[in-house]
Amino acid sequence: MILHYAHLCAAAGGVDAFLIGSELRGLTQIRASVSGRSWVFDSSLGGWSLYHATGGVSGGALTLTPNNANPRLLHNAAINMDGREVRYMVIDFERIAARTTGTWLGRILFSTDALALSLARQARFGDSPVGVRTRAVVDMWDLQSGGTAWKDASEIRAIRIDIEEGGPDSSFRFYGIHFTDAVPTYPAVEELRALAADVRAILGPATKISYAADWSEYFGHHPQDGSGDVFFHLDPLWADANIDFVGIDNYMPLSDWRDGWDHLDAQVWPSIHDRAYLQANIAGGEGFDWFYASAADRLSQTRTPITDGAGKPWVFRYKDLRGWWSNPHHDRPSGTEAGSPTAWVPQSKPIRFTELGCPAVDRGTNQPNVFHDPKSSESFFPYFSRGWRDDAIQRAYLEASYLWWGTPANNPVSTEYGGRMVDIANSAAWTWDARPYPFFPELSDVWSDGGNWRLGHWLTGRLGAVSLAALVRHLCLRAGLPEAWVDVSGLTGAVDGYVISALESPRTSITMLARHFGFDAVESEGRIRFVMRGSRPVATIAPDNMVAAQGDVMELTRGQETELPQALKWQVARADEDYDAITVESRRITVDATRVASDSFPVAVPPEEADRRCRRALMEAWIGRETAAFRLPPSRLALDPGDVIALDHDGRRAEMRILSTSDAEARSIEAIRQDRDAYDLPPGTPRAASLTQPVMFGAPLVVILDLPQLTEAHVPHHPLMAAHVAPWPGTMAVWRSPELSGFDLLTTFTTRARIGVLTADLYSGPVSRFDYGNSVHVEMLGGQLENVTDLQLLSGENSIAVEQPGGGWEVLQFGNAELLAPGQYRLSRLLRGQRGTEADMAGVVPAGALVVILDTTLAPLVVSEAELGLPWNWRIGPASRPVSDDSFTALAFTPRGIGLRPFAPVHVEQPWRRARSPGDLTISWKRRDRSLAADSWNAAEIPMSEASESWRVEILDGATVKRSLTASTSSVVYTAAQQSADWGTPLAPGASLDVRIAQIGQAFGAGAAPITTLWF
């Protein structure tokens, strides 16, 4: 259990005393509106204590002034207040409201009069949780060095803290501000101890608990203010009974490599990937033997030795884990060692690396703690990095670290608990990602941080490779060589995948790997030694050092260009795909050669790395056309094949790699030219991977529409189904059952419907003519909408169904479709209530209602007339999945056969249109028919879809049916006697009557029947 509070900062440097909360991955510095306030201080000797700051400050400024001339903060060499020397300004505050979390930025200003405020220091204060009182301590000595005009004044009369806040809703309550000369406390440490106790109470004694300290803070706080202070500020935490181990996020640098071959490290070590080089810097090098005092010193490699003059340099060595772990700790206020040690007991607890990692970027071991992210303000490359991808350096860092701490000589045993100092087995390499490789990082449309993987700390996709050294060792052991005869310590890099596809000897396999990776196998001192090419020269040889034979002392040979390849093509397998074969090519332009060489390697490798290795091989071929043969005296017996010498000849120094030696009266040498730059090439251009993505089908959005007949192909009583989902599975299956089990397959369909939702309310409108007053605002889930002409519109195009609050559907058409935003349209020039759905039109359809485009993508559901009115349970989903799969949508739907519903009549004759006396009333109307042929202008009579004509006329009194009349024609007589019975007297001029007229369908029953008011 790691207590991952934020990075603990010391109480100095004008910055946080501590940070409580999440780590500072990005600091928002948005200046909020300023609202000035001021409070009065008392005049106690202990400081300027604030006592009226209970109202809080919301993104504004806090001005602090004394209530009289004293006390005042006098500014001179010995900072004092009321004659008392002070050093620290302590600010107690609490966040009382916050819309967003995040560190807030305080700018501390001082004045020597009422108005002249000048900036002294910018201070970051921690992300204090709401309702938690916290503290910031500002070192006044550091403020002196950071100030401007106020430094020249003799006294300070006012202090102001300007607050820049990440969110305008944040506010703070300041409890007090005072000055003190006492050594500041570290309240975050006490908070962590309390948190550890709470966690222990919950998890019990079996769980290991600690705090993950940064590698730059675990060993103590060293204020860089010239005071000489050294505080082991985390020792109370490390010594706490609830803390089981010392947790360190270990990103300590293991190299100081840079461009060229004349820098200090390149003069001693063969390459940055060399394991011995990296391990020499685990307990050595920067942070142990020396440090850079400035950026200029780093550029010039001016190294300052680490010493304290008291025989305890480990106090200042963050890499000296053994010294820190095995010795008592004494604070050094003002540079003087305290007589009593801290609470830390030497060797009392093991060390675990809670994080141990290095970015996969060129020279990442120079500065493993930085991370490249173009979207972040804290994006950096390591020192002197060229920004190239380098998986090998990440692996070299981890192998060097784990093997070093796994060696008993480097990792002593504790006399307190009997275990090793560093518990490397329980340390954690950073970082493994649970997202599946190679889909992460390739699917950048799914994961936006995929682009950071190439140069980041991710082990995903890299850690699964086998090291080249381990593979070569394994092949040697398969050949029967004793392990003691094999030395692979000179090999670096990893093999992402390797296939032995035929019967071949281990030697053949190793030879292939040597061509691909660029290494040699040589015999030396009774062992087979494998070394990477490109090492530094171990000796300088001039003709005067050679042994003369018959003729010249040296034979130099240069091959013909025509014998060399102009281009080299390699075929390898991609490590970031499904091991598909790819070809990489390297080509020389300004040469006379025309030959193209090719080779195939059963090796999986990232394309950009394959491109680099191919270019290296072509450069080797051209550089190696120069060879040399000479003899050396017995004093040069130490030179072995694989060693590099600098051949000094005719004022020109050339690097030559020894190919072979033979001994007689002199040592005969054959060597080939090399160039170290050929082994330090940039990778190729990354190639996007083409991944076969697994298709995951979600449950579709399904709408079943009971609509009037729309086309001749549409059986009137068949409902229509619309379904939409992305990705589309190809074929959808429709299953149904009268119960919740025992589903039967009804049909399948392959077309995805166009479905949307209203984004604004839709009001009722006129029918039988264009509705110019309303527009349909809709957002479509997919597909496009377009304008049509009036002739196309009247032919039935651009029909849509709009869901009504009562459960029905209005069919309408639109002539114009205006694109407002991607997927959002405004539909106008409307024809409302089409195909007899004016009876379903609601007064207001609220936003959010479904809209379905009525076209051929809708699937008809084959339902018999006998099944109308029966409730069914439906399941719709991919036809390739079982009906019980989660990708199915379940819904209940009862088909009513709206396509069989008779249309409402029209043109009900109004009594006032004819002169009449009270008496019998003939109510007449015009019949419509649901048949599509009823729209024909050529028919002599309106078609009759029913077997016979039958009508029901209801006489209404509000919602009450006073009388029901029947008729077999499109008129009915409401007699005077019936009127008198219903209303007490026959209806006379000035009266009104509500009627509801419905045609009776043979299969459906009473059809659509809107209420019509008759006026007399």
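Residues in the stretch 368-402 that are over 25 Å from Asp297 (Cα atoms) and loosely packed, with under 14 Cβ neighbours inside 10 Å: Pro374, Lys375, Ser376, Ser377.
Any chance the stretch 854-866 includes a residue that's closer than 20 Å to Leu781 by Cα, touching a strand residue (DSSP E or B) at 6+ places or on another chain (Cβ under 9 Å) and surrounded by fewer than 13 Cβ atoms within 10 Å (Cβ to Cβ)? No, because not a single residue in the stretch 854-866 is closer than 20 Å to Leu781 by Cα, touching a strand residue (DSSP E or B) at 6+ places or on another chain (Cβ under 9 Å) and surrounded by fewer than 13 Cβ atoms within 10 Å (Cβ to Cβ). Within the stretch 185-212, the set of residues being surrounded by fewer than 21 Cβ atoms within 10 Å (Cβ to Cβ), aliphatic (A, V, I, L, M) and out of contact with any helix residue (DSSP H, G or I) (no Cβ under 6 Å at 6 or more places or on another chain) comprises Ala194, Leu195, Ala197, Val199, Ala201, Ile202, Leu203, Ala206, Ala212. For the stretch 772-808, a residue qualifies if it is surrounded by 16 or more Cβ atoms within 10 Å (Cβ to Cβ), over 13 Å from Leu831 (Cβ atoms) and not hydrophobic (A, V, I, L, M, F, W, C), and the qualifying residues are Ser775, His777, Glu779, Glu803, Gln804, Gly808. When Val584 is tested against (1) under 17 Å from Ala465 (Cβ atoms); (2) crowded, with 20+ Cβ neighbours inside 10 Å, just one condition goes unmet, and that condition is (1).
Of everything listed in (1) under 22 Å from Ser414 (Cβ atoms); (2) of a type in the set (Val, Ile, Thr); (3) free of Cβ contacts under 8 Å to residues at least 40 places away in the same chain, the single unmet condition for Val315 is (3).
Yes/no matrix, rows are residues, columns are (1) modelled with pLDDT of 90 or more; (2) not in a loop (DSSP other than H, G, I, E, B):
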| residue | (1), (2) |
| --- | --- |
| Asp169 | no, no |
| Phe172 | no, yes |
| Pro184 | no, no |
| Arg193 | yes, yes |
| Pro205 | yes, no |
| Tyr218 | yes, no |
| Pro236 | yes, yes |
| Asp249 | yes, yes |
| Pro253 | yes, no |
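Pairing residues of the stretch 954-965 that are of a type in the set (S, T, N, Q) with residues that are surrounded by 10 or more Cβ atoms within 10 Å (Cβ to Cβ), at Cβ distances under 8 Å and at least 6 apart in sequence or on separate chains, gives Ser964/Arg952; Ser964/Val953; Ser964/Glu954; Ser964/Ile955. Here Thr336 passes the criteria (1) surrounded by fewer than 21 Cβ atoms within 10 Å (Cβ to Cβ); (2) touching a helix residue (DSSP H, G or I) at 6+ places or on another chain (Cβ under 7 Å); (3) within 28 Å of Ser227 (Cα to Cα) except the one numbered (2).
The residue list Ala988, Ala981, Ala998, Ala977 contains one member that is surrounded by 15 or more Cβ atoms within 10 Å (Cβ to Cβ) and either modelled with pLDDT of 90 or more or in a loop (DSSP other than H, G, I, E, B) (or both), which is Ala998. Per the listing Gln792, Gln813, the residue uniquely assigned by TED's automatic domain parsing to the domain that holds Ala847 and in a strand (DSSP E or B) is Gln813.
A single member of Ser501, Ser489 is touching a residue at least 24 places away in the same chain (Cβ under 8 Å) and assigned to a loop (DSSP other than H, G, I, E, B), and it is Ser501. Elements of the type strands (runs of 3 or more DSSP E) sitting completely within the stretch 539-585 and holding at least 1 residues that are farther than 23 Å from Val644 by Cα, in contact (Cβ under 8 Å) with a residue 24 or more places away in the chain and among the β-branched types (Val, Ile, Thr): these cover 565-574.
When you scan the stretch 301-319, do you find a residue that is acidic (Asp, Glu), in contact with a Pro (Cβ under 9 Å, 6 or more places away or on another chain) and in the same structural domain as Ser385 (by TED's automatic domain parsing), even just one? Scanning the stretch 301-319 turns up no residue that is acidic (Asp, Glu), in contact with a Pro (Cβ under 9 Å, 6 or more places away or on another chain) and in the same structural domain as Ser385 (by TED's automatic domain parsing).
Screening the candidates Val811, Val767 for the property of being surrounded by 12 or more Cβ atoms within 10 Å (Cβ to Cβ) and at pLDDT 95 or above yields one hit, Val811. Restrict the check to the stretch 447-470 and report whether at least one residue is in a helix (DSSP H, G or I), within 13 Å of the chain's Cα centre (by Cα) and hydrophobic (A, V, I, L, M, F, W, C). Checked against the condition, which is being in a helix (DSSP H, G or I), within 13 Å of the chain's Cα centre (by Cα) and hydrophobic (A, V, I, L, M, F, W, C), the stretch 447-470 yields no hits at all. Looking only at the stretch 290-320, which residues are more than 22 Å from Arg258 (Cα to Cα) and either out of contact with any helix residue (DSSP H, G or I) (no Cβ under 9 Å at 6 or more places or on another chain) or assigned to a loop (DSSP other than H, G, I, E, B) (or both)? Those that are more than 22 Å from Arg258 (Cα to Cα) and either out of contact with any helix residue (DSSP H, G or I) (no Cβ under 9 Å at 6 or more places or on another chain) or assigned to a loop (DSSP other than H, G, I, E, B) (or both): Ile306, Thr307, Asp308, Gly309, Ala310, Gly311, Lys312, Phe316, Arg317, Tyr318, Asp320.
The values are calculated or read from the model by the stated rules, or taken from the named source; none is laboratory data. Here the structure is a predicted model, which is why all the values come from computation and not from measurement. Methodologically, a virtual Cβ is constructed for each residue, glycine included, from the backbone with ideal geometry; neighbour enumeration extends over all protein chains shown.
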